[in-house]
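Trainee: The following block contains the structure, expressed as C-alpha cells.
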C-alpha cells in the first residue's frame, strides 16, 4: 500500500514539476476514506499540497483519537483531558456522577485525575472501574520503560481487547475495515524509535505537529472518495486501490452488489478529462497479516489494448485508442442501464 502511494506521489510530482501541470488539475479517487492515509504521508514527503474533500482527516477519526488519548495519559499523567476520553473507551460503566466524584477527590488530594483514579476506593461498579483503569495506567507506564511506542500500543490494544471493542454496536464490514486499518496505520506511524515515556511523549508531539499542519491556501491536488466525486471532473485522475476485496469490496461480492461496485468504477473513470491512471497495491495488511493482492476483476472488463501499462506501450494511434475507449464506455453505460 505504501509503495502504491509513493508511486502515485512521485508520478504527480513529476508531471507537475517537469511538465508544468497545475496541482489543482489532479485528483486521486478511492473507494473509502481510510485508503487516503498512506497517500497523505507520501504527498507530505514530497511537499505536495493537497485538499482532503469530504470525511475527516486521519487524526480526526474517533478510533484514532481514542487510542491517542490512552497514549497521551500514559505519557503524561497530568493530561486530564486525555484521561476523560480514554477512561470511557471502551465503555466501563463509568458515568458523569462517578467522574464528578473523581474530580472532587483529585482536588482534595491536589493530584491529576489519573493519579486519583488509582487511589479511588468507591466500591460501586463505576468506582471499581475507575480504580482498575488507574492501576492499568500505572502498569503501562512501567512497561513503557522497555518498549518502543508501537510495541506499547500493541500492549494497550491487547489489554483493552480493542479488536472486540471495534466490533461493538451495529458495525458494517466497511466501517470495521476502516477502524482496523486506522489502528494498523497508527501503529506504523508510531514506529519504534527509542523506549521509555520520553520517547513516547516525543513521538506524540511529532504526530500532534503533523496533525496541526494546514494544507496550503493555494492550489492543491484533490483527494476524495468515488462517491464524493460524482458530478465533478478533473484533467488528470488517479484511481487507487483497484484490487479484489477493495473494489469490488469483499462484502459486496458476497451480497450480490457487484453492479453497484461496477458503477462506482465507472464514476471514477468518467471523472477524467485528459488522463486516467489506475493502480492497485502488490500487498495489503489486514488484522496484522500481510498478503498478496489480486487485480480487481473489473480491470479485466476494460479493453487490454487501451491500457498503457507501466513499461509497456499503448496503441500507436491515439485517435484509434480514444475511439475504442469511448466505445467501451458506451458498452459500460449500457451494461449499467445508464443509457
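Trainee: Determine by what factor the alpha-carbon radius of gyration of region 103-169 differs from 2.2 N^0.38 Å, reporting the quotient. Before the final figure, lay out each step's value.
Mentor: Numbers: Rg = 14.1 Å, N = 67, 2.2 N^0.38 = 10.9 Å.
In units of the globular-protein estimate, region 103-169 measures up at 1.29.
Trainee: Quick one: Cα centre-to-centre distance for region 65-127 and region 6-31, in angstrom?
Mentor: With region 65-127 and region 6-31 each reduced to a Cα centre, they are spaced 46 Å.
Trainee: Sort 3, 63 so the one with the fewest other Cβ atoms within 10 Å of its own Cβ comes first.
Mentor: Working: 3 13, 63 19.
Ascending number of Cβ neighbours within 10 Å: 3, 63.
Trainee: May I pose another question? Let me see the pair-distance distribution of region 60-211: every alpha carbon pair, 10 Å bin width, integer percents in order.
Mentor: Distribution as computed: 11, 40, 34, 14, 1 percent.
Trainee: Also, I was wondering about something else. What order do you get for 108, 177 when you list them from fewest to most C-beta neighbours inside 10 Å? Spell out each step's value before the answer.
Mentor: Working: 108 9, 177 21.
Neighbour counts put them in this order, fewest first: 108, 177.
Trainee: Starting from the Kirkwood Rh over alpha-carbon pairs, what translational D in µm² s⁻¹ does region 15-139 have by Stokes-Einstein at 10 °C and 1.306 mPa s? Don't skip to the end; give the middle numbers.
Mentor: Values: Rh = 17.4 Å.
The Stokes-Einstein estimate is 91 µm²/s.
Trainee: State the extension gain, in nm to one decimal, for the chain segment bounded by residue 307 and residue 188, taking 0.36 nm per residue of separation less the distance between their alpha-carbons.
Mentor: Stretched out fully, the residue 307 to residue 188 stretch lengthens by 39.5 nm.
Trainee: From the P(r) of region 1-72, could you give the percentage of C-alpha pairs in the tail past 18 Å? Let's see the in-between values first.
Mentor: On the way: 1171 of 2556 pairs.
Tail fraction, whole percent: 46.
Trainee: For the residue pair residue 250 and residue 291, what label-to-label distance in nm results when each label sits 7 Å from Cα along the Cα-to-beta-carbon direction?
Mentor: It is 0.5 nm.
Trainee: Okay, moving on. On a full-extension model of 0.36 nm per residue, what is the gain between residue 273 and residue 208, subtracting their alpha-carbon distance, rounded to one decimal in nm?
Mentor: On the way: separation 65, 0.36 × 65 = 23.40 nm, distance 3.77 nm.
Full-extension gain reported as 19.6 nm.
Trainee: Please arrange 74, 94 by counting, for each residue, the other beta carbons lying within 10 Å of its beta carbon, fewest first. Could the numbers behind the result be given before it?
Mentor: Details: 74 27, 94 20.
Taking fewest neighbouring Cβ atoms as first place, the list is 94, 74.
Trainee: If r is the Cβ-Cβ distance from residue 11 to residue 121 and R0 is 51 Å, what FRET efficiency results, to the nearest 0.05? Before the final figure, lay out each step's value.
Mentor: Numbers: r = 61 Å, r/R0 = 1.20.
Efficiency, rounded to the nearest 0.05: 0.25.
Read-outs throughout are calculated quantities, based only on the coordinates presented, and are distinct from any laboratory measurement. Predicted, not measured: the structure shown is a model, and the values here were computed from it. Heads up, the Cβs are rebuilt from the backbone with ideal geometry, glycines too, and the neighbour counts pull from every protein chain shown.
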